[in-house]
Amino acid sequence: MGSKNISISESAYLRLRRARRHPQVTLEGCPEDVWIFQIAEDLTVGNGAIVHLSGGVKAANIFWQVVGQITLGATAHFEGVLLSQTAIHLNTGASINGRLLAQSAVTLNGSTVAPLGRPRSWKTVSSK
């Protein structure tokens, strides 16, 4: 698939042996759609890569289950719940609208995390 942009319509359950990097991924669907991505090794998202949501898709309904570690490159933006069997690393300027759950560590380096379903009084978490 190289470095082309990809678009996925409707709910999806994908089991991937490896995840290739794409500069932009668009998930299109309805607010009720659920997206589950299972990745059998590390997930490395390139610098500046972006996950877009379209048609009412909710970040709370997107799950990225990764056997290895997850790394979001500088200024990358991601949507959904990231589940790592090892560690999650967000590089400088990376952001996520979702949750980060790892068995060993979550590392934020000048990154932003906007938690899902947060009360209005909560603020976005940023590392400096």
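The values are calculated or read from the model by the stated rules, or taken from the named source; none is laboratory data. Just so it is clear, the structure is predicted and the values come from calculations on it, not from any experiment. FYI the Cβ positions are ideal-geometry reconstructions off the backbone, even for glycines, and counts take in every protein chain you see.
Taking VAL113 as the residue in question, decide whether it is buried (at least 16 other Cβ atoms within 10 Å of the Cβ) and over 16 Å from THR44 (Cβ atoms). Against the criterion (buried (at least 16 other Cβ atoms within 10 Å of the Cβ) and over 16 Å from THR44 (Cβ atoms)), VAL113 qualifies. Scanning segment 1-39 for residues that are part of a loop (DSSP other than H, G, I, E, B), surrounded by fewer than 17 Cβ atoms within 10 Å (Cβ to Cβ) and modelled with pLDDT under 85 returns MET1, GLY2, SER3, LYS4, ASN5, GLU10, SER11, ARG17, ARG18, ARG20, ARG21, PRO23. Put simply, of VAL125, VAL106 the only residue that is aliphatic (A, V, I, L, M) and at pLDDT below 95 is VAL125.
Note on segment 49-74: residues that are hydrophobic (A, V, I, L, M, F, W, C) and either without any contact (Cβ under 8 Å) to a residue 24 or more places away in the chain or assigned to a loop (DSSP other than H, G, I, E, B) (or both) amount to 4. Considering only residues in segment 75-92 that are under 16 Å from HIS52 (Cα atoms) and in a loop (DSSP other than H, G, I, E, B), the one that is nearest to the chain's Cα centre (by Cα) turns out to be ALA76.
Would you be able to say whether some residue in segment 94-103 is surrounded by 15 or more Cβ atoms within 10 Å (Cβ to Cβ) and at pLDDT below 85? Before you say what the answer is, go through the steps one by one.
Our first condition is that a residue be surrounded by 15 or more Cβ atoms within 10 Å (Cβ to Cβ); within segment 94-103, this holds for 94-100, 102.
In the following step, the residues that additionally are at pLDDT below 85 were identified as none.
No.
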